[in-house]
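Okay, structure first, notes after.
Bear in mind that the values in this text are calculations on the coordinates, not laboratory data. Keep in mind that this is a model prediction, so the values were computed, not measured. Every residue, glycine among them, receives a Cβ derived from its backbone with ideal geometry; neighbour counts consider all protein chains shown.
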Amino acid sequence: MKILIADDEELVQYSLKSMIRELGIANHDIRIACDGVELINALKGFSPDIAFVDIKMPRLNGLEAIKTGRDLSPKTRWIILTSYSSFEYAKEAIDLGAAGYLLKPVSPEELSATIKEVADTNRRELMAANEEFEGKLNGLFHNTISYRQAKLDFFKEVHFLGVIIIFDSPLDEESRLKHQIDFCNQVREFIGEYLFSDLRIALCTLPNGELVTAGAFPAENENGKKNFIRYLRRLKGSDRMFGADLLKVTILETEECDNYTMLVRQFKQAGELSMLRAVLGIGRSLDLEGLIGKSKQPELVKVSKCLAALSIAYRQSNYLEFLKTITLFEEALSFSGWSTVDSVFKAAQLFLKYTVEPSLVVERDKDILSVGLKALAGRLLAEKKKSDGSGDIVNKVKAFVEKNYMHDIGIAQIAYSLGITPNYLSALFHRKSGTTFLRYLTGVRMSRARELLAQPDSRVNRVAREVGYYSSRHFARLFKDHFNLYPSYCKRTSTGTGRV
C-alpha cells in the first residue's frame, strides 16, 4: 500500500510512520510531505492509496492542497488530520471528498481501522476493475466486442505481457481435465494477491481453446510489470500441488507488447511453436524469442513435429498414422544427431512419457526406441475399433460442457485430453452438432443463467460467476444477445417458474 503523510510536525510524521509499520502492512511505501506544496509536488510522481493530510500547514493548507491533489491523484483516499474538532472543518473536508477525519493525537486503533477500511474499499474496487478488464479482453479474443468498445486505455499507455499455459499429463481423460480445472481455480484464488492500481490480470481462453493469462500495466511505471512477473513465478509453481507424475505445466511467454494487436500476434506465434516443447522440455517456462530461435533449426523442428504427431495419433488410437509417424521419426533421428544431444534426449523422453505412454522405456539407441514405439502400434491395432467413434467424441464434449460450464474451459483443453487436435475437434463438433463449440458452451451457460435468475434471492453478478463469467458486464452483453433482453429485466419480471 502506498501511503503519503502530509504534516509540518516531525513528531506527528514519526509517530504515524512508526504506528503504520507496527501494523505490519505488507509492501507499504510511505512518503512524507512537510506542507501543502510538497504534497502537491509528491503527487506528480507518486499516486498514494491513502493520504493523511494535516489541515493547518505552511505555504498551502491541507484543504487547499486536497482541492488540487484530487485531480493529480483521483484514486487517492484522503484522511484529514487535525487538532480542530470544529464541524465546519469536517464538513468542508467531506465536501472535498475526504474519506475520513481523525483528531490528533491519533490512536493506533483509530489508525488501524481507518487504513483497513480504505484498504478494503480499494480492494473491492480493484477486483471489480480487474473483472471488467478480463471480460473485455475475453470479448476481444472471441470478437464479441470491438477494441473501441473495450476501451483498454485505463492507463496512459498500456503495455502487455502474456503466457500460454499448456498441460501435459499421462492420466485418463476425466482425471486430466479435473486437474486442469483445479489448476485454473487455484490460480484464480491467488490472482488478487498481485493486483495493484497499476496492474490488471486476466485468465482467459483463446478461440482455439488455449488457456492464456495476460497482464496490462502502464508503460511508464515498472511496478505493474514487476508485480506481473511475481505472479508468473507463482503460476509456474502451481503444478506442484498435483505431484510430479500427474501433470506438467509448460509456460510459453510473450515479449513485452506495446499494444493489444501485438499481444494477439505473439500469442499466435507462441501457439504455432508450442510443439518445440517436446525437444526443449515440458514443465518449464519457454520465452517466445527462444522459441523463434529454435524454430530456425529445421532438424530440431522436424523431430518436435514427429513427437507431437506421435502423441496425437496415439491418443486418437490411429494405428496407421502412428505407424507412419514412427517411420518419419526414424528418418528425422537419422539426420538430426538427436541421440547425441543429451538435453534433447531427456526432453523427448519426458514428452513421450507424459503424452504417449508412461511405461514406454526410451533408450538412447534409436533402434530400441523404434521397437518400443512399434510395440505400442501393435497395441493400437489390437484395440482398434471398427467405428470411427466421432459421434461418441461429440457426446463426450457435450457431457463435459454440461458438467463443467461454470469453469474456464476451451476446445483445446478438451481436444488435448482426447488426444486430437483442437482444429479437428472444432470442425468435427460443428459438423456433428450444427453449431460451434463456443456457441454451444454459451447456450448452456445462458440457459442455466436464466434458471438461476428466476430464483427469488438471485443477483446478476452472482449468477454471472456461477455460470463461468467473471465480468457481469460481459455476461449481461452475452445474455442480451442470446435472449434479446438484459438479465436485470429477466430478474425483475421472472415468475416462480423462471419464465419471462
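Structure values in brief
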quantity	calculated
Helical contribution to [θ] at 222 nm, DSSP H n ≥ 4, -39,500 (n - 2.57), averaged over the chain, rounded to 500	-18000 deg cm²/dmol
Förster radius 35 Å - calculated FRET efficiency between residue 109 and residue 10 (Cβ-Cβ, nearest 0.05)	0.90
Overall Cα dimensions of the range 390-493 - principal axes, largest extent first, Å	44, 21, 20
Sequence-separation-based contact order of the chain, relative, with Cα cut under 8 Å and 6+ spacing, percent	11 percent
Sorted peptide list for 131-142, 455-466, criterion being average Cβ within 10 angstrom, highest first	131-142, 455-466
Square roots of 5 times each gyration tensor eigenvalue, C-alpha, the range 1-102, largest first, Å	19, 15, 13
Over the range 55-174: Rg over Rh, Cα atoms, Kirkwood Rh	1.19
Under-15-angstrom lysine pairs by C-alpha in the range 125-296, whenever the two are 8 or more apart or on separate chains	4
Around residue 114: net Lys/Arg minus Asp/Glu count, Cβ-Cβ under 13 Å	-3
Computed P(r) (all Cα pairs; the chain; 10 Å bins; percent)	4, 16, 22, 21, 16, 11, 6, 3, 1, 0
The chain: angle of helix 222-236 to the longest principal axis, Cα-based, in degrees nearest 10	40 degrees
Spatially proximal aspartates and glutamates relative to residue 17 (Cα-Cα < 20 Å; intrachain offsets below 8 disregarded)	7, 8, 9, 29, 35, 38, 49, 54, 109, 110, 117
Helix axis angle, 173-191 relative to the chain longest principal axis, alpha carbon, degrees	20 degrees
Folded to 0 to 90 degrees: helix 390-404 orientation relative to the chain principal axis, Cα	20 degrees
Hypothetical label at residue 28: residues of the range 39-69 whose amide nitrogen lies under 14 Å (7 Å Cα-Cβ projection)	49-52
Shape parameters for the range 125-296, alpha-carbon atoms, Rg then Dmax in Å	15.8, 47
